[in-house]
1. Out of region 91-136, which residues are under 13 Å from the mean Cα position of the chain (by Cα) and among the aliphatic types (A, V, I, L, M)?
2. Need at least 1 residues that are modelled with pLDDT of 95 or more, of a type outside the set (Gly, Ala, Ser) and closer than 27 Å to Gly107 by Cα per element, so show me which helices (runs of 4 or more DSSP H) inside region 1-70 make the cut, counting only ones lying wholly within it.
3. Check Leu78 against each of (1) open to solvent by 70 Å² or more (accessible area, probe 1.4 Å); (2) assigned to a helix (DSSP H, G or I); (3) more than 19 Å from Tyr25 (Cα to Cα) and name the one condition it does not meet.
Amino acid sequence: MAEPTKTRRRPAYERAVATADRLFYEQGIHAVGVDQVAAAADISKASLYTHFRTKDDLVLGYLRGRSTAWQDHVATELPQRGATPHERIVAVFALLGEWFDEPGYRGCPFINVEAEYGAGHPTHEVTLEHRDWVRGLFSGLLAEAGSADVDGTALQLCLLYDGAMASAQADPSRPWARAAAAAARALLGPAL
């Protein structure tokens with residue numbers, strides 16, 4: 001019988017990603033240098049470059065990590081928050097609201113990176129992948145609910161999702177997630 005494969009921990013890699021995540025999200029990509037990430041992670045610059053060939057690779061790792069963490073969080077939370085697809089759609093906005101209330105909320109990391117880099121940068125593809133996931137989440141729930149216009153309604157829900165994040169970043173004093181949830185309920189109709 002073969003022994004199970006053990007996953008090798010890479011503490012320098014893990015510290016670099018966690019530190020880059022914190023610094024990039026708090027300060028922005030352009031404001032944070034590789035030297036700053038290495039120093040804050042307490043690793044050498046050479047070690048950082050062993051794992052990430054360029055700063056762009058580190059930024060891509062940051063975005064992929066953010067996407068995976070959010071997807072995992074949503075997958076864990078939604079089944080507990082709603083019995084029906086429409087209830088789970090509205091629950092997505094409750095999850096956003098909880099994030100908005102966390103100390104240090106600075107908006108959507110994907111929208112922020114798009115503002116810094118735009119469509120011509122490798123980060124754009126990761127942003128599109130994440131946005132496809134969000135749209136797919138809504139589309140899947142709408143299809144499960146038997147929606148007559150899955151694609152159109154999913155796009156409208158994405159607008160509410162993005163709008164709530166941008167609004168909460170610009171003006172955190174207002175209940176943007178609750179407003180987006182109310183708009184989603186109105187969009188979904190009497191099924192709720």
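The values are calculated or read from the model by the stated rules, or taken from the named source; none is laboratory data. Fair warning: this is a prediction, and the values are worked out from it, not measured in the lab. The area values use the complete protein model at the heavy-atom level, side chains included, leaving out ligands, DNA and RNA. Shrake-Rupley method; radii C 1.70, N 1.55, O 1.52, S 1.80 Å.
1. Val92, Leu95, Leu96, Ile111, Val113, Val126, Leu128, Val134
2. Numbers: elements: 11-27, 34-41, 45-51.
Helices (runs of 4 or more DSSP H) meeting the threshold: 11-27, 34-41.
3. Unmet condition: (1).
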